[in-house]
Amino acid sequence: MTTPATPSTHEPLNALLRRMPKAELHIHIEGSLEPELIFRLAQRNGVALKYDSVEALRTAYAFSDLQSFLDIYYAGASVLLKEEDFFDMAWAYFERAAADNVVHAELFFDPQTHTERGVPFETVVRGLHHACQRAHQELGISSRLIMCFLRHLSEEDAFKTLEQALPWRQYFVGVGLDSSERGHPPSKFERVFAKCRELGLHIVAHAGEEGPPAYIEEALDLLKAERIDHGVRCVEKPELVQRLARERVPLTVCPLSNVKLCVFKHLGEHNIAALLQQGLVVTVNSDDPAYFGGYLNQNFVELFEALPQLGAREAYQLALNSFEASFVDQATKDGWKRQLDAVFGAAL
Ligand code: HPA
Ligand code: ZN
């Protein structure tokens, strides 16, 4: 006897959230490095860590803002030296993503965090690419890589990184902008993003996480960003909210990250439901799941528990938005929508 696959209207919301197919569009692969793997790689590579146990490292994960997180995040990434280290990190993420019914993931990577330590660009991209290939073959997850420039470094550094990346152009589909937002506006990188557009790369940028709404406008107007990562501070400027809705600019929102980095005091205060209600193409993402308390399904479940106005309809819309906002062709998106419809069945 097999149980029927169709969910009833009584299927609990949590089960539906976990089971629905979804895309993840805002995950820093270095932010998926779990403390256990950090220690294993430190030992394998003979790298000394400031913490003497997994527990001591985990205890340090109490952040007051973005910078306090980034300091620990870059220290964690210092154990990554060889191609197999990058593979192991990304493979561990894909296994967790598969368990969360992620059918597609667009992974950010930070090459400058590694090239600054003498790790060749090639080592990083080969290891990640290998994991992406294996995820497709063995887990049925499609993926893309997006190279991020560190905004606390100079535009000249970003140009140097782009130069190093050119022989590997076919391995990534886009470029992004991350790291310390305050004091590093998108305008600082206008020329390098123009060059990236000439190369046919997709453009995304972190903006409006800690920075003001003007940074979101700069990302749109100067960098020509197709998606905004975070973007939650857009609510401070109603004309901008209307523009994002009208132009269907997706926001890749990261609920647990926002609470851990004190952008919102708790999930009950998060503005994602209000943004969804105003017609914005918002998506749910995990950002740096090893540091912020959960992978994609954990973000969905905790968010829906905290915001009672979110139900099955909103779950469906958020998953559909994740497909719409992804950098794949329309036929692939249509296929995922059919899978989504099949899971929701009578639940809407
Ligand atoms: N914001 C900016 N930079 C980052 C983040 C983030 O949440 N995670 C990793 N790099
Ligand atoms: Zn991010």
What's the number of the only condition in (1) under 28 Å from E95 (Cβ atoms); (2) not in a strand (DSSP E or B) that L145 fails to meet? (2)
From the residues in segment 17-42 that are touching a Leu at 6+ places or on another chain (Cβ under 8 Å) and more than 16 Å from E106 (Cα to Cα), which one is nearest to ligand 1 (Cβ to nearest atom)? L33
Among the residues listed as E116, E122, E155, E163, the single one being out of contact with any Gly (no Cβ under 6 Å at 6 or more places or on another chain), within 26 Å of L251 (Cβ to Cβ) and surrounded by fewer than 17 Cβ atoms within 10 Å (Cβ to Cβ): E155
Within segment 81-98, is even one residue free of Cβ contacts under 8 Å to residues at least 40 places away in the same chain, within 15 Å of ligand 1 (Cβ to nearest atom) and in contact with a Leu (Cβ under 7 Å, 6 or more places away or on another chain)? no
Tell me, yes or no, whether segment 187-202 has at least one residue that is within 21 Å of H230 (Cα to Cα) and within 16 Å of ligand 1 (Cβ to nearest atom). yes
Go through segment 42-96 and give me each residue that's within 16 Å of ligand 2 (Cβ to nearest atom) and farther than 30 Å from G183 by Cβ. Y93
Could you check how many residues of segment 177-186 are of a type in the set (D, E, K, R) and either near ligand 1 (Cβ under 10 Å from one of its atoms) or surrounded by 19 or more Cβ atoms within 10 Å (Cβ to Cβ) (or both)? 2
Between H104, H206, which is open to solvent by less than 60 Å² (accessible area, probe 1.4 Å), away from ligand 1 (no atom under 16 Å from the Cβ) and either closer than 16 Å to I29 by Cβ or at pLDDT below 95 (or both)? H104
Failed item in (1) in a strand (DSSP E or B); (2) in contact (Cβ under 8 Å) with a residue 60 or more places away in the chain; (3) over 30 Å from L340 (Cα atoms), with E106 passing the rest: (3)
Please work out if E156 is over 23 Å from L128 (Cα atoms) and touching a residue at least 60 places away in the same chain (Cβ under 8 Å). no
Subset of segment 68-100, residues of a type in the set (A, V, I, L, M) and open to solvent by 20 Å² or more (accessible area, probe 1.4 Å), comes to I72, A75, L81, A92, A98, A99
Exactly one condition in (1) away from ligand 2 (no atom under 16 Å from the Cβ); (2) on the phi > 0 side of the Ramachandran plot; (3) open to solvent by less than 30 Å² (accessible area, probe 1.4 Å) is not met by G200; state its number. (3)
Does E236 qualify as being open to solvent by 10 Å² or more (accessible area, probe 1.4 Å), more than 19 Å from the chain's Cα centre (by Cα), closer than 21 Å to L25 by Cα and among the charged types (D, E, K, R)? no
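The values are calculated or read from the model by the stated rules, or taken from the named source; none is laboratory data. What you see is a predicted model; the values in this text were computed from it and never measured. No Cβ is skipped: glycine too gets one built from the backbone with ideal geometry, and neighbour counts run over all protein chains shown. Protein only, heavy atoms only, side chains kept; ligands, DNA and RNA dropped before computing areas. Shrake-Rupley method; radii C 1.70, N 1.55, O 1.52, S 1.80 Å.
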